[in-house]
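Before any comments, here is the structure.
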Amino acid sequence: MFQSCHQIHVASMRSGACSSAGARPCTESPAGQAGVSLVVVMLILVVASLLGVAGVQISMMAERATRNDRDLQVAWQSAEAALIDAELDIQGQPVSAANKRPEVFDRKMVDTAKFAPGCGKAGEGKSFGLCNPVGLKPDWLMVDFTTTGTNAPTVGFGTFTGRAFPAGGAGVQPAAVPRYVIELIADPSQAPTTPPKDRKYVYRVTAMGFGPNADTQAVLQMIYRN
């Protein structure tokens with residue numbers, strides 16, 4: 001009886017050494033610890049890689065947005081310059097301009113014959129870029145501002161003012177000179193029954209400017225009363 005109890009006690013000491021209270025703590029083998037550490041390091045590397053890729057993508061998107069905003073600002077400024085050039089065209093300024101046409105816009109008697117339906121083309125002299133809208137759709141919506149040459153219905157910057165505009169060169173410049181059209185509109189302040197010889201007109205000027213990329217375009221419009 002004493003021997004069997006002693007054997008049971010020894011067996012319990014051997015099998016329960018890691019689980020009984022007060023015994024030395026149980027530890028895993030070095031190989032198991034190394035495996036767990038490798039998994040953790042790999043997870044950290046994956047997360048860091050994902051964060052790095054996301055950071056690069058965000059940086060590229062921000063750079064692209066900044067570039068697009070810059071191009072749009074260049075296009076807006078180009079269109080504003082075209083509006084000023086059209087205003088000088090109507091005023092017959094500057095005086096030194098060789099191709100000025102102030103007689104067309106004479107406030108006492110506008111030469112309405114120079115304003116053509118669909119806008120005068122480049123080869124039509126002083127009717128170039130002058131429009132007389134006859135339909136429900138305004139002419140500025142139907143012309144192609146990107147067309148150049150003898151069939152162009154829009155006036156390039158400086159055509160009638162002799163002013164220069166830097167475009168198409170190196171650096172941050174518009175890809176092309178801005179262009180505009182001038183539409184003849186009956187002055188809304190006068191009565192519809194006003195005789196033709198006494199009618200007054202205002203001018204709807206529409207200009208398109210281009211950014212460093214020709215696909216970046218800005219359109220501005222103004223009503224000008226001479």
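Laboratory data are not the source of any read-out in this text; all were calculated from the coordinates shown. What you see is a predicted model; the values in this text were computed from it and never measured. Quick reminder, even Gly has a Cβ in these numbers, built from the backbone with ideal geometry, and neighbours come from all protein chains shown.
Residue separation of A214 and A191 scaled by 0.36 nm, minus their Cα-Cα distance, works out to 3.9 nm of gained length.
Principal axis extents of the Cα atoms in segment 62-224, from largest to smallest and rounded to whole angstrom, are 59, 35, 26. List the lysines whose alpha-carbon lies under 17 Å from that of K100, not counting same-chain residues fewer than 8 positions away? Partners within reach: K114, K121, K126. Applying 1/(1 + (r/R0)^6) with r as the Cβ-Cβ distance of M222 and S49 and R0 = 41 angstrom yields a FRET efficiency of 0.15.
If only the Cβ of Lys and Arg carry +1 and only the Cβ of Asp and Glu carry -1, the dipole of segment 62-224 around its Cα centre is close to 320 debye. Close amide-amide hydrogen proximity is noted between K200 and D187, each under 5 Å apart and 5 or more residues distant or on a separate chain (H modeled in the peptide plane; Pro and chain starts excluded). In order along segment 58-63, the phi-based Karplus estimate (6.51 cos²θ - 1.76 cosθ + 1.60, θ = phi - 60°) of 3J(HN,Hα) comes to 5, 5, 5, 5, 5, 5 Hz; Gly and Pro are listed as x. Amide H to amide H, with H built 1.01 Å from N, A176 comes under 5 Å of G168, F210, counting only residues 5 or more places away or on other chains. Ranking of D144, D198, D139 by neighbouring Cβ atoms within 10 Å, starting from the fewest: D198, D144, D139.
Using per-residue counts of other Cβ atoms within 10 Å, averaged over each peptide, order 210-223, 50-63 from highest down. Walk me through the intermediate numbers first.
Details: 210-223: 17.2, 50-63: 10.0.
Averaged packing, sorted descending, gives the order 210-223, 50-63.
Converting phi to 3J(HN,Hα) with the Karplus coefficients 6.51, -1.76 and 1.60 and the offset θ = phi - 60°, segment 148-165 yields 10, x, 5, 9, 5, x, 10, 8, x, 3, x, 4, 10, 10, x, 7, 9, 9 Hz in sequence order, with x at every glycine or proline.
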